[in-house]
Amino acid sequence: MLSVIVPPMAAHAQSKAAEGEKLAFDRAKGNCLSCHNIKGGDLPGTIGPTLKDLKSKYPDRNELVAIVTDETVRNPETAMPPFGRNRILTKQEIDAIVDFLQTL
């Protein structure tokens, strides 16, 4: 039997991404699926863009954090809720969702 040793930081990042996926797919919390098509999600919406290749589209992680926190700063006409500004999500929850988004 072959065992794989995962460095502590990699394991932590994986667990945060898994937590972020749960939040993104949670209809009562992040609810990203209400507007976005995300691989692995059920019943996606079509209001927002399909979420894929986000790490290459947004190499600066802080840009994704800013979008999830309050996209109205960049785009006042956005339909995206200001999850951070309106305290829908905590900073830790936003960080976890961004970790997940960077895996897409």
Just to be sure I understand the filter: pairs with C-beta atoms under 6 Å, separated by 6 or more residues or on different chains, first member in segment 65-86 and modelled with pLDDT of 95 or more, second member of a type in the set (S, T, N, Q) and part of a loop (DSSP other than H, G, I, E, B). Which pairs pass? E71/T78; T72/T78
Can you spot a residue in segment 25-34 that is modelled with pLDDT under 95, over 20 Å from D95 (Cβ atoms) and surrounded by 13 or more Cβ atoms within 10 Å (Cβ to Cβ)? yes
Give the number of residues within segment 42-54 that are surrounded by 13 or more Cβ atoms within 10 Å (Cβ to Cβ) and under 14 Å from the mean Cα position of the chain (by Cα). 4
Has segment 68-78 got any residue that is surrounded by 13 or more Cβ atoms within 10 Å (Cβ to Cβ), closer than 20 Å to F25 by Cα and acidic (D, E)? yes
Need the failing condition index for T46 against (1) part of a loop (DSSP other than H, G, I, E, B); (2) under 19 Å from E19 (Cα atoms); (3) not hydrophobic (A, V, I, L, M, F, W, C), just the number. (2)
Return the residues of segment 79-95 that are touching a Gly at 6+ places or on another chain (Cβ under 9 Å) and over 17 Å from K16 (Cα atoms); say none if nothing qualifies. A79, M80, F83, I88
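The values are calculated or read from the model by the stated rules, or taken from the named source; none is laboratory data. Quick caveat, the model's predicted, so the values are computed rather than measured. In this analysis, Cβ positions are derived from the backbone assuming ideal geometry, glycine residues included, and neighbour counts consider all displayed protein chains.
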